[in-house]
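Data first, discussion second: the structure below is written as structure tokens.
The values are calculated or read from the model by the stated rules, or taken from the named source; none is laboratory data. Bear in mind that the values here come from a model prediction, so they are computed numbers and not experimental data. Here the Cβ is made from the backbone with ideal geometry for all residues, glycine too, and neighbour counts use every protein chain on show.
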């Protein structure tokens, strides 16, 4: 992989690595990040991108991620390899802490591992460890001191220490009270010398106090004396403390032996934790600019959708300043992009953005682009950006660039990304432009992918004539004479030299004289570009106005549809009332027919039978409709009850889709629905269509 120091400096690669190092916790991960370099082997890059995407998804899911603030235990692991080594309290505390964190990771793996392809390999020799912690906690208390009952001998020794200390205190207080009564004790009353309690005696009375003199104050007015009655007891206490230290060392030695069998597990766990610290730093950097892992193409390609320069994004975001996204696409069909336009319009930043995003991608770091972006694989990054004048090496900027160009022509091939800023400048414009055009043609014939920024018209014209090259320009407001910081692919841009000069107060007479000194063809070319830019911006404004009118029309249509629906509902309601009234009228007519058919004399048996039959038939119709309405109402109530009694979901819950019976894991919960990962794909689905497992 060719990515020399000059190119790393041009693309601010060290700044990215420094940011990554700040975002991780452990020295091994920091060192790994500081030595990070692009990967050009497709198999390895796919693996690294895959596990980075899985880790980024885990961090972005809102679920709990175990702490990264574990302790590296390399020295501890080395100690466990030695025969009679003894680990100390800190060693055991770190082992417990790391084991707890490792167990948390194992639980996440057991829950989410079925949706991972790359991360599970780091758990190859790591399981949830339930034995180490109880073994260690049987020896230590919560303050990480060896327990009194860690062994019978230690318990006996500490009980002896307690008894002796009490007797020393009792004797000391008795002597102190006696000497205070005699006026021998100084205002400080007491102190400690060599961890032994001593009396602070006024020096003029020191011969009147039985004991050993251990020292005196700076002025000599106070003499410190260990009471004679406590000398033997203090000696005994020191011997007990020595016995305590020996017993503790014996206990820790035994505990060390018990832990040695777990050394391979601890080594695998530490390797996993360091790697996850490494991945976490990459993911945390990606979250600073909403980075993703774009699609990989094994062939050289750069397709960036809404891309940002990562360092500029972080800086502007902190300063609450705007930053403008860029769309750009280079492939084997359009390999070299020539960007033109006025100075300070964003040409160099756009080029640096492309190079830095590609380098970060080949280091498996999330990059600030949108979905749909595609990045290929390059074997070399060659850049010449900025002023490289060197007094020490006695090289001018132009000499440096000629030297770099010679290297580029030797090294460039179809797997090389070349980035050249202000191509051809530094010499006579005509001669430098001609030489730059030749260099451009050579790079083109080597099938290199690259970006060139230039003001030279001949380079723009040559790019227009080559089928696999493409012009582009940074958009510029021709009316306000202000940059818009947006790359436009497909057309060269004007430098707006005279227009910018005029806006800055340069006299028209001077500008006219300057125009006369310029080759007429070059002036016509630049004027043509300027006119095209103005026409484009006028058309763009017309398009914006048309879109506004379209939006207003859409709103009117929406209002019409709403009123139409309301009218349709009202018509339907009135129709239903009309139908009901017609039924009632028909019933009334029928009843009137029955009434007029009744005979005042004689029997009306046939009429009664007909009436009965008619009434029963109408009753059956009403009953049938009532049952249909009741069933419809019950279904509606059941649906309402189901929606109101849904079990709440949390991130990482397992769920089943009611209709398809597929099982997935919840990664995001919103008002509009629940995001679920099923296998290798992600879907947004309504909550009422899910069942919590």
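Some values worked out for this structure:
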quantity	calculated
Complete set of residues in segment 596-605 that are part of a helix (DSSP H, G or I) and surrounded by 10 or more Cβ atoms within 10 Å (Cβ to Cβ)	597
Selection from segment 442-474 of residues that are part of a strand (DSSP E or B) and within 17 Å of residue 432 (Cβ to Cβ)	452, 453
Filter result for the condition that a residue is modelled with pLDDT of 95 or more and either surrounded by fewer than 18 Cβ atoms within 10 Å (Cβ to Cβ) or closer than 21 Å to residue 74 by Cα (or both), over 159, 128	159
From the options 123, 184, 140, residue that is surrounded by 14 or more Cβ atoms within 10 Å (Cβ to Cβ) and assigned by TED's automatic domain parsing to the domain that holds residue 46	123
Test: residue in segment 50-65 that is closer than 24 Å to residue 267 by Cβ and not in a helix (DSSP H, G or I)	yes
Some residue of segment 242-261 being without any contact (Cβ under 8 Å) to a residue 24 or more places away in the chain, surrounded by fewer than 16 Cβ atoms within 10 Å (Cβ to Cβ), outside the structural domain of residue 74 (by TED's automatic domain parsing) and touching a strand residue (DSSP E or B) at 6+ places or on another chain (Cβ under 9 Å)	no
Test: residue 443 is at pLDDT 90 or above, under 22 Å from residue 350 (Cβ atoms), in the same structural domain as residue 399 (by TED's automatic domain parsing) and buried (at least 23 other Cβ atoms within 10 Å of the Cβ)	yes
Meets criteria (outside the structural domain of residue 400 (by TED's automatic domain parsing), part of a loop (DSSP other than H, G, I, E, B) and crowded, with 16+ Cβ neighbours inside 10 Å) for residue 16	no
Conditions (1) in the same structural domain as residue 487 (by TED's automatic domain parsing); (2) part of a helix (DSSP H, G or I); (3) under 30 Å from residue 42 (Cα atoms): number failed by residue 315	(3)
Enumeration of residues in segment 328-368 that are buried (at least 17 other Cβ atoms within 10 Å of the Cβ) and either free of Cβ contacts under 8 Å to residues at least 24 places away in the same chain or more than 23 Å from residue 422 (Cβ to Cβ) (or both)	360, 361, 362, 363, 364, 365, 366, 367, 368
Matching option when the condition is modelled with pLDDT of 80 or more and under 60 Å from the mean Cα position of the chain (by Cα), among 589, 563, 613, 621	563
Residue satisfying all of: in segment 99-109; under 25 Å from residue 57 (Cβ atoms) and touching a residue at least 24 places away in the same chain (Cβ under 8 Å); surrounded by the most Cβ atoms within 10 Å (Cβ to Cβ) among these	102
Top-ranked residue in segment 21-49 [being within 28 Å of residue 299 (Cβ to Cβ) and part of a helix (DSSP H, G or I); ranked as nearest to the chain's Cα centre (by Cα)]	49
Filter result (under 32 Å from the mean Cα position of the chain (by Cα) and in a loop (DSSP other than H, G, I, E, B)) within segment 71-111	71, 72, 73
Meets criteria (over 30 Å from residue 139 (Cβ atoms), touching a strand residue (DSSP E or B) at 6+ places or on another chain (Cβ under 9 Å) and crowded, with 19+ Cβ neighbours inside 10 Å) for residue 230	yes
Listing of strands (runs of 3 or more DSSP E) fully contained in segment 130-232 that carry 3 or more residues being touching a residue at least 24 places away in the same chain (Cβ under 8 Å) and more than 27 Å from residue 91 (Cα to Cα)	185-193, 196-202, 222-227
Residue within segment 309-319 that is at pLDDT 95 or above and over 24 Å from the mean Cα position of the chain (by Cα) present	no
Qualifying residue in segment 524-541 (condition: exposed (fewer than 11 other Cβ atoms within 10 Å of the Cβ) and either modelled with pLDDT of 75 or more or not in a helix (DSSP H, G or I) (or both))	no
